[in-house]
1. Taking into account only those residues within segment 66-107 that are part of a loop (DSSP other than H, G, I, E, B) and hydroxyl-bearing (S, T, Y), which is surrounded by the most Cβ atoms within 10 Å (Cβ to Cβ)?
2. For segment 108-116, does any single residue satisfy the condition of being surrounded by fewer than 24 Cβ atoms within 10 Å (Cβ to Cβ), touching a Lys or Arg at 6+ places or on another chain (Cβ under 9 Å), modelled with pLDDT of 95 or more and closer than 16 Å to G255 by Cβ?
3. Kindly check whether there is at least one residue in segment 70-92 that is touching a residue at least 24 places away in the same chain (Cβ under 8 Å) and touching a Pro at 6+ places or on another chain (Cβ under 6 Å).
4. From D3, D41, which residue is in contact with a His (Cβ under 8 Å, 6 or more places away or on another chain) and among the acidic types (D, E)?
5. Does G61 qualify as being within 27 Å of A181 (Cα to Cα), small (G, A, S) and either at pLDDT 95 or above or buried (at least 19 other Cβ atoms within 10 Å of the Cβ) (or both)?
6. What residue, of N120, N183, is in a loop (DSSP other than H, G, I, E, B) and of a type in the set (S, T, N, Q)?
7. List, please: which pairs have Cβ atoms under 6 Å, are six or more places apart or on different chains, and start with a residue in segment 162-173 that is buried (at least 16 other Cβ atoms within 10 Å of the Cβ) and end with one that is of a type outside the set (D, E) and part of a loop (DSSP other than H, G, I, E, B)?
8. Pick from F256, F260: which is surrounded by 23 or more Cβ atoms within 10 Å (Cβ to Cβ), aromatic (F, W, Y) and either under 17 Å from I131 (Cα atoms) or not assigned by TED's automatic domain parsing to the domain that holds T158 (or both)?
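The values are calculated or read from the model by the stated rules, or taken from the named source; none is laboratory data. Bear in mind the structure is a predicted one, so any value in this text is a computation, not a measurement. So basically every Cβ, Gly included, is an ideal-geometry build from the backbone, and we count neighbours across all protein chains shown.
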Amino acid sequence: MADRIPLAGVIGHPIAHSRSPRLHGYWLQRYGLPGHYVPMDVGGPDLEHVIRALPKAGFVGVNVTIPHKEAMIGLADVVTDRAALIGAANTITFLPDGRIYADNTDGTGFLASLRQGAPNWDPKAGPAALIGAGGAARAVIAALIEAGVPEIRVANRTRARAEALRADFGPRVLVQDWIQAANMLEDAMTVVNTSSLGMVGKPDFRVPLDALSPKATVSDIVYTPLETTLLAEARAMGCTVVDGLGMLLHQAAPGFERWFGQRPEVDQATRDFVQG
C-alpha cells in the first residue's frame, strides 16, 4: 500500500465545470510530486457507495462540491470543529485506519480570497447581503461572523433553508424573502453570491442591483465564467469585485498538503494557469 501512487479527486453533480483537476494537476507537476487528481460526477443516491469504495482504489482524499457538502457530514467518522459548526464538508481525507475525516476549508479560503482581491475590505463597515443557503453559504456566514460583520442578510429561493441558517448561526443572520432579495442590498457593504446562479449551465443571476452602493465589495463564488453577470454589473457601478477563482485556490491548498505532502503556493502563476 505504501508504494501506491496517491489518488485524489473532486466529487459533485455536475462536475464538468470544475477547475480543481487543472489546479491540482498543475501543483503536482510544479512540485514534481507523484499522484493523480480526477473529476467524478456522482449523483446523490450513489454518494455513500462511491465514498466508501474510493480508499480501496488507492484514493487518499477528495474535494466535495455541489450538492454533496452537507451530506458528507453524515458519512464522516471524524468531523473537524469548523466543519461541524458549518454543517458541511468540502475536504475529505481517508485515514490509514479506514476512517473518513471531514473538514471544511471554504470559509478560510473565502476570507483569504476576499482579503487578497479587496485589500481595503472592512468587515465591520456595514451589513453583508448573501444569496444562497447551501453548504458554501454556511461556510461564508461562519467566516463573516468570525471576521466581525455586524449583520448578515440572507435570501434563498427556498426560505426554509435560509431560516435554518438563522437557527444555526444566531440573531446576526436575518432572512429576506426571495422575491424581495434586492431590498437587502441597501446599505450592504459586502455582497456575496454563494449560489450556483450565474454558473455556466445554470440560471442567470437576476437580482436587481439598483440599491447597491458603489462602496460595496461584491464577491461571487462562481468561477465559470470568471466574470459573472453579478460581477460585471457591480464593477460597472463602481464596486470592488472579487471573483470565485481565488476562493477555489485558497480552499484547495490545505487538502493538497494533507494528501500529497506539500503546501502549495497560491500565487499569480497558479491563478494564471488555472484561469488560462
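1. Looking only at segment 66-107, we keep the residues that are part of a loop (DSSP other than H, G, I, E, B), and these are 66-68, 76-77, 80, 87-90, 95-99, 104-105.
Filter once more, keeping what is hydroxyl-bearing (S, T, Y): 80, 105.
Details: T80: 16, T105: 24.
Looking at the filtered set, the residue picked out is T105.
2. As a first pass, look at segment 108-116 and keep what is surrounded by fewer than 24 Cβ atoms within 10 Å (Cβ to Cβ): 108, 111-113, 115-116.
Among the residues that remain, those that are also touching a Lys or Arg at 6+ places or on another chain (Cβ under 9 Å) are: 108.
Remaining after also requiring modelled with pLDDT of 95 or more: 108.
Imposing the further condition that a residue be closer than 16 Å to G255 by Cβ reduces the set to 108.
Yes, segment 108-116 contains at least one residue that is surrounded by fewer than 24 Cβ atoms within 10 Å (Cβ to Cβ), touching a Lys or Arg at 6+ places or on another chain (Cβ under 9 Å), modelled with pLDDT of 95 or more and closer than 16 Å to G255 by Cβ.
3. Within segment 70-92 (the criterion being touching a residue at least 24 places away in the same chain (Cβ under 8 Å) and touching a Pro at 6+ places or on another chain (Cβ under 6 Å)), the answer is no, since none of the residues qualifies.
4. Values: D3 fails: in contact with a His (Cβ under 8 Å, 6 or more places away or on another chain).
After ruling out the rest, the residue left standing is D41.
5. Details: within 27 Å of A181 (Cα to Cα): no; small (G, A, S): yes; either at pLDDT 95 or above or buried (at least 19 other Cβ atoms within 10 Å of the Cβ) (or both): yes.
The answer is no for G61.
6. Working: N183 fails: in a loop (DSSP other than H, G, I, E, B).
Of the residues listed, the single one that is in a loop (DSSP other than H, G, I, E, B) and of a type in the set (S, T, N, Q) is N120.
7. Partner pairs satisfying both residue conditions: A162/A133; A162/N156; L165/A133.
8. Numbers: F260 fails: surrounded by 23 or more Cβ atoms within 10 Å (Cβ to Cβ).
It is F256.
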